[in-house]
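Notes for the one structure printed next.
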Amino acid sequence: AAFGIESAKATIDSVAAMKAANVELKKAIKKDLNVDDIDDLADDMAEMMEEMNEINEAMGRNFATPEDITEADLEAELDMLEDELEEEDLLGEETPTYLKDDALPVNPTGVPQSQASATPAGL
């Protein structure tokens, strides 16, 4: 019998808490939430998503490769580049002109003077 009484009291407390929560929830929804505002927000979000998709499509366009180039054209160009690399390997590594010794300045032979020793003491 005591268990039944305790169970009934717990049920009454639970129902009272649910009623109080229901009242507070209704107040919050009426005060802070408006279905029309939520619909407007959802519409705005949908429009922004469409704009972002359009921007992403525009950013994803390929401007570097013309559309009339085929895979065979690309393969032929790759083969040509590979042939050029093979020719360079067969001819050997030639030093670029800007790295050849005659293009470099002469090594300094003297010791540079500091600013203090270059100026007379009396000035």
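What the Cβ-Cβ distance of L41 and A21 gives, at R0 = 41 Å and to the nearest 0.05, is a FRET efficiency of 0.95.
Taken along the Cα-to-beta-carbon direction at a fixed 7 Å, the label points for Q113 and D68 span 7.1 nm. Annotation for N53 and K30: the two label points, set 7 Å from Cα along the Cα-Cβ direction, are 4.0 nm apart.
No lab work stands behind these numbers, since they all come straight from the coordinates. Note that the structure is a prediction, hence the values are computed from the model and not measured. Using ideal geometry, Cβ is built from the backbone for each residue, glycine included, and neighbour counts are taken over all protein chains shown.
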